[in-house]
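First comes the structure, then the notes that go with it.
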Amino acid sequence: MITPTALTERLLFTTVRIETTLRNCSTGVGTGFFFTMTIDDTKSFPLIVTNRHVVQEATNGSFQLHEAQPGVSQPKPSGRFFTIEIDNFESQWISHPNPGVDLCAMPFQPLRARAEEAGKTIFNVSFDEGLVLSGEQLEKLTAVEDILLVGYPIGLWDKKNNLPLIRRGITASHPAIGFLGKPQFVIDAACFPGSSGSPVVLANMGSYYTKDGSLVVGTRFGLLGILHAGPQWTAKGDIEIKPIPTAALPVAKTPLMIHLGYVIKAREILTLAEYITQQARKRGQLGGS
């Protein structure tokens, strides 16, 4: 297994494949990613974030996690992985306080505890609030920016190495503007079933252009948001906005892919993380007031 050093290599370890069994006995696949909220100088609160529709009606779910290599000073993946299965899966997730935002998250620490009980240490790479672009930073972007999308389209993944797929696209609407008046923007990328919950990152490797056309030598990287839905063209020619499905099944009414996806802005991930930490503090799980 590689030691993830480059940004794109580290992205391979930011996500986790979510497999679900639903109440109607069907199965689904979605994408989750690791996000750590800083509480103070000594405490942080790690989460797994995904779309709410990924886990709705799920009676059981599972994650396949990387095992860290033991006995090394710097954490690195060992090339081994293991599965954690969870009953009453939907109930383990905490939804965004705004029901109109298709986000939820699960505290990651209980999974770490279960792994440690089995004598294993989890290796993962986590996003954090420092990677979420501020409103001022978003306004400095142009309408067309390079993005990367990490996940499991139509359930595809590197099963042998427990790794997702990374795909490239561009922003199709300006990330600073709320598309249709909602906290979302649009990307031009192939958004297939299984991609629900995929993190969308700004990824300028080596150089990028500013608004005035100046070339900047350097790398620009940040978490822009999370894929949740996209327009579908029905057989009748109607356009419908639908959540990205979790079931990797052909859909007769969508013979043509629109090649667009709707992305919830990353600031809503911060809102969800702050809401969860507030609830945990009230229950005395984080200490302090």
Fill in: Hz values of 3J(HN,Hα) by residue in the range 222-232 - Karplus curve (6.51, -1.76, 1.60), Gly and Pro given as x
x, 8, 8, x, 9, 5, 9, 7, x, x, 10
Response to the item:
Under 5 Å from the placed amide H of F81, counting only residues 5+ away or on other chains, we find E67
Response to the item:
Computed ³J(HN,Hα) along the range 63-76: with the Karplus parameters 6.51/-1.76/1.60, θ = phi - 60°, integer Hz and x for glycine or proline, the list is 10, 10, 10, 6, 9, 6, 6, x, x, 10, 6, 9, x, 8
Worksheet, complete the sentence: Quick note, the range 55-152: a/c under 1.5 would make it rounded; otherwise a/b > b/c is prolate and the rest oblate (a ≥ b ≥ c, C-alpha gyration tensor); here it is oblate
Worksheet item: What is the extension gain from D128 to T38, computed as 0.36 nm multiplied by their sequence separation minus the C-alpha to C-alpha distance, in nm to one decimal?
Response: 31.6 nm
Response to the item:
Under a Gaussian network model of the chain whose springs join Cα atoms within less than 10 Å, the largest fluctuation of D41, D188, D158 belongs to D41
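So for each of 85-91, 62-68 I average, over its residues, the number of other beta carbons within 10 Å; can you give me the resulting order with the highest mean first? Present the calculation step by step, with values, prior to reporting the outcome.
On the way: 85-91: 14.6, 62-68: 19.3.
Answer by packing, highest mean first, reads 62-68, 85-91.
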Worksheet item: Using the per-residue mean of other Cβ atoms lying within 10 Å as a proxy for protection, in what order, highest first, do the peptides 107-120, 220-233, 172-185 fall?
Response: 220-233, 172-185, 107-120
Discussion item. Show me, for the range 18-25, the HN-Hα J-couplings you get by feeding each phi into the Karplus relation (A = 6.51, B = -1.76, C = 1.60, θ = phi - 60°), rounded to Hz, glycine and proline as x.
Written reply: 9, 10, 10, 10, 9, 4, 8, 6
Response to the item:
Ranked by GNM mean-square fluctuation in the chain (Cα springs under 10 Å), the top entry among L260, L131, L202 is L131
Discussion item. Suppose each label sits 7 Å from its Cα in the direction of the beta carbon; what would the R80-K211 distance come out to in nanometres?
Written reply: 5.3 nm
Worksheet item: Rounded to the nearest 500 deg cm²/dmol, what is the calculated helix-only ellipticity per residue at 222 nm for the chain, with -39500 (n - 2.57) per DSSP H run of length n ≥ 4?
Response: -3500 deg cm²/dmol
Worksheet item: What ranking do C191, C25 get, fewest neighbouring Cβ atoms within 10 angstrom at the top?
Response: C25, C191
Worksheet entry | Candidates D146, D102, D212, ranked by Gaussian network fluctuation over the chain, Cα under 10 Å, top entry | D212
Item to complete: Grab the chain and count how many Lys pairs have their alpha-carbon atoms under 25 Å apart, sequence gap of 8 or more, or different chains.
Response: 18
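Read-outs: derived from the displayed coordinates by stated rules, not from any lab. As the structure is a computational prediction, the values presented were derived from the model and not from experiment. Neighbour counts run over all protein chains shown; Cβ positions are idealised from the backbone, glycine included.
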